[in-house]
1. Are there any helices (runs of 4 or more DSSP H) wholly within segment 516-606 with 1 or more residues that are assigned by TED's automatic domain parsing to the domain that holds I199 and touching a strand residue (DSSP E or B) at 6+ places or on another chain (Cβ under 8 Å), and if so which?
2. Within segment 196-224, how many residues turn out to be of a type outside the set (S, T, Y), surrounded by 18 or more Cβ atoms within 10 Å (Cβ to Cβ) and in a loop (DSSP other than H, G, I, E, B)?
3. Would you confirm, using the coordinates I've provided, whether A255 is assigned to a strand (DSSP E or B), at pLDDT 85 or above and either among the polar types (S, T, N, Q) or under 16 Å from A591 (Cβ atoms) (or both)?
4. What residue, among those in segment 254-275 that are small (G, A, S) and surrounded by fewer than 21 Cβ atoms within 10 Å (Cβ to Cβ), is nearest to H533 (Cα to Cα)?
5. What residue, of L431, L455, L449, is under 15 Å from I298 (Cα atoms), assigned by TED's automatic domain parsing to the domain that holds F379, of a type outside the set (S, T, Y) and surrounded by fewer than 23 Cβ atoms within 10 Å (Cβ to Cβ)?
6. What pairs come up if the first residue lies in segment 328-341 and is under 9 Å from S461 (Cα atoms), the second is aliphatic (A, V, I, L, M), and their beta carbons are under 6 Å apart, counting only those six or more places apart or on different chains?
7. Identify, from the list I272, I283, I287, the residue that is within 25 Å of D596 (Cβ to Cβ) and touching a Leu at 6+ places or on another chain (Cβ under 9 Å).
8. Is there a residue being in contact with a Lys or Arg (Cβ under 6 Å, 6 or more places away or on another chain) and in contact (Cβ under 8 Å) with a residue 24 or more places away in the chain anywhere in segment 179-188?
Amino acid sequence: MKRVCWLLVFLLGSINLAVAQEVYQAHTHVRLVSEQNSVVRGGTFWVGLDLILDDGWHVYWQNPGDSGLSPKIKWHLSSGINAGDIHWPYPQRLNVGPLTSFGYEHEVLLLVPITLDKSFQPSKDVNIYASVKWLACQDTCVPGKAELNFLQPIVTSISDIKFNSFKTLFDQTRQDLPQLIPCITSHAALDGNQWRLDIQTPLKRQGDIIFYPFRDDVVEHAAPQETRNVPYGYQLIMTKSHLYHVDLKALEGIAVNPSGWDGKGKTKAIVIQAPLKVVPVRIPFFIACLFALIGGLILNLMPCVLPVLSIKVLYLIDRHPDSKIAFRHSLVYALGVLASVWALALLLFILKSAGQFAGWGFQFQSSVFVVIVALILFFLALNLFGVFEFSAPSINGLPTRQAGYKASFISGVITTIVASPCTAPFMGTALAVAISQPNIIGFGIFTFLGLGLALPFVLLSAFPFLLSFAPRPGAWMIYLKRALGFVLLVCVIWFLGVVGTQTGLVDFSKFYKSSDELHWQRFSSTAVNQARHSGHGVFIDFTAGWCINCQVNDRLVLQNSDVVRAFKDKGIIAFKADWTKYDPSITQALASFDRDSIPVYIYYPPGADAPIILPQIITPGMILERVNNHA
């Protein structure tokens with residue numbers, strides 16, 4: 001009997017050590033509880049502030065919404081005991097008249113991790129002591145406060161730790177904590193008076209999503225939120241708060257799906273950290289088409305395209321084919337260009353509807369495609385060197401009267417393929433509009449891009465007098481062909497290097513540091529945000545090994561000694577976002593700046609919230625002007 005009495009005393013003491021005395025105040029039963037009866041030095045254990053409310057009363061979430069105050073905990077802990085932040089279960093919307101608040105009814109357990117340092121001096125018990133304040137509301141609000149503490153014994157081994165009856169309550173609460181799920185991504189945009197929050201998820205369930213922002217000055221809490229089911233997941237439309245006056249870098253909060261976010265539907269809430277997408281400047285459709293036409297024309301001057309175009313122009317100079325036949329085949333050539341541009345546009349729109357962000361030149365992220373392009377350029381180079389001649393209809397020249405139009409069509413397709421790793425001025429803006437608008441508008445803009453790419457050869461075929469400035473056919477044509485062949489061979493070697501990088505056979509990491517010792521850091525959104533928050537200016541180079549413009553700008557501008565010196569003198573941290581292989585974080589970052597082609601150059605002056613987006617063709621003076629005038 002005596003042993004039984006001592007056992008009861010021990011058990012009661014263990015229970016008392018796991019829970020503080022209960023306080024009833026402001027229509028709330030408040031207590032501080034733990035899920036385990038003992039702790040070990042160097043370990044972390046969880047403590048919960050348990051609030052049990054009278055019927056009809058509620059307390060508030062970390063962002064209380066239109067009214068209210070969230071519970072506050074002030075810890076009084078000995079040296080060597082450290083309390084973390086409150087982990088808040090997802091709330092519910094509480095509508096009182098015209099106001100909407102976020103909070104909890106009935107009961108809520110607010111979890112806090114407590115860490116006991118290894119250096120904590122041994123003692124019999126650990127004293128967990130806190131001052132708590134909260135606001136309980138119904139039609140009226142009543143503030144409450146309490147001083148709560150309990151003792152936890154220290155044991156020497158983790159195996160000696162025993163859980164108590166509060167373990168079930170803690171586990172239930174953990175299921176209601178918002179989770180960060182890597183496969184679910186998001187981005188947001190502020191368009192006028194509306195927020196657009198896009199959530200990309202591989203698993204969709206029916207139901208309305210509710211977004212709870214961490215800040216109270218971002219979204220109108222009482223305004224309805226519209227959930228749109230889109231192919232890649234969900235899109236939420238929310239009203240901007242009338243209090244909103246700051247430029248955010250990301251829209252942050254939690255998204256609650258009553259049907260669940262995971263396969264079993266148990267995870268109801270996820271953490272949202274949606275980078276803000278720059279809303280594109282709205283330009284008229286005809287201006288976008290004009291930009292696309294100009295961009296297509298300029299593409300003909302790019303290193304991969306110019307030799308192909310020159311082959312056909314040299315044929316016109318050398319052979320003087322019948323103008324009618326030449327014009328007909330130039331139209332078929334243009335049709336080949338347009339068909340391949342349309343095919344690329346269709347693929348982009350399909351990927352967009354599936355929630356994948358892709359842009360001009362994305363196909364070069366496939367090493368197989370790069371090898372195919374390299375082989376095409378290699379055979380073209382051999383043809384220019386005179387190793388062999390294409391007989392019958394070929395891309396070397398225009399087919400004869402008896403030949404079909406197939407070769408001219410294929411020639412147009414090849415021109416588009418070799419042009420796709422390049423981006424011309426005006427083209428980036430036009431393509432950004434094309435991707436962001438309905439597909440029919442996007443196809444129209446891509447059509448003008450194809451027309452611009454095909455137009456020079458069509459004009460030269462239709463109006464032979466435009467070639468009257470050219471010298472008579474002679475030996476100079478042979479030397480020019482060889483020079484163009486060498487250009488193509490350089491492109492071939494370059495593309496093979498790209499394949500080596502993509503497959504890991506070649507390590508080009510040394511190129512992250514220029515010859516003038518400008519240190520480039522690998523891009524990550526976290527690293528960029530840390531650099532910005534530390535007060536540094538930040539420069540981001542979105543590049544790829546297969547992007548010709550990127551490599552030219554890097555060698556001639558970003559490795560310029562004056563630019564390097566300016567970056568060092570002003571403490572600018574430079575990041576290189578290498579898109580040679582597909583990287584979803586880089587793709588999403590490009591989308592946040594409303595760009596879908598590279599190169600893209602971003603400069604954040606020190607302390608600035610809004611980025612400066614530079615043109616795709618840059619000069620050292622352009623970089624220095626931005627850096628010096630926005631330091």
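The values are calculated or read from the model by the stated rules, or taken from the named source; none is laboratory data. Every value quoted in this text rests on a predicted model; they were computed, and no experiment measured them. For neighbour counting, all protein chains shown are included, and Cβ atoms are generated from backbone atoms with ideal geometry for every residue, glycine included. Surface accessibility is based on the protein's heavy atoms, side chains included, excluding ligands, DNA and RNA. Shrake-Rupley method; radii C 1.70, N 1.55, O 1.52, S 1.80 Å.
1. Values: elements: 525-533, 548-553, 561-569, 584-592.
Hits in segment 516-606: none.
2. Step one: of segment 196-224, the residues of a type outside the set (S, T, Y) are 196-200, 202-211, 213-224.
From what's left, surrounded by 18 or more Cβ atoms within 10 Å (Cβ to Cβ): 196-200, 209-211, 213, 218-221.
If we keep only those that are in a loop (DSSP other than H, G, I, E, B) too, we end up with 209, 218, 220-221.
Number satisfying all stated conditions: 4.
3. Details: assigned to a strand (DSSP E or B): yes; at pLDDT 85 or above: yes; either among the polar types (S, T, N, Q) or under 16 Å from A591 (Cβ atoms) (or both): no.
No.
4. Initial filter on segment 254-275 (small (G, A, S)): 255, 259-260, 263, 265, 269, 274.
So of that shortlist, the ones also surrounded by fewer than 21 Cβ atoms within 10 Å (Cβ to Cβ) come out as 259-260, 263, 265.
Values: S259: 37, G260: 34, G263: 37, G265: 37 Å.
Applying the filter and picking the extreme gives G260.
5. Only one candidate passes the filter, namely L455.
6. Here the result reads H329/L398; S330/V458, each pair linking segment 328-341 to a residue that is aliphatic (A, V, I, L, M).
7. On the way: I283 fails: touching a Leu at 6+ places or on another chain (Cβ under 9 Å); I287 fails: touching a Leu at 6+ places or on another chain (Cβ under 9 Å).
That would be I272, the only listed residue that is within 25 Å of D596 (Cβ to Cβ) and touching a Leu at 6+ places or on another chain (Cβ under 9 Å).
8. Initially, segment 179-188 is screened for residues in contact with a Lys or Arg (Cβ under 6 Å, 6 or more places away or on another chain), giving 187.
Restricting the remaining residues to those that are in contact (Cβ under 8 Å) with a residue 24 or more places away in the chain gives 187.
Checked against the condition, which is being in contact with a Lys or Arg (Cβ under 6 Å, 6 or more places away or on another chain) and in contact (Cβ under 8 Å) with a residue 24 or more places away in the chain, segment 179-188 yields at least one hit.
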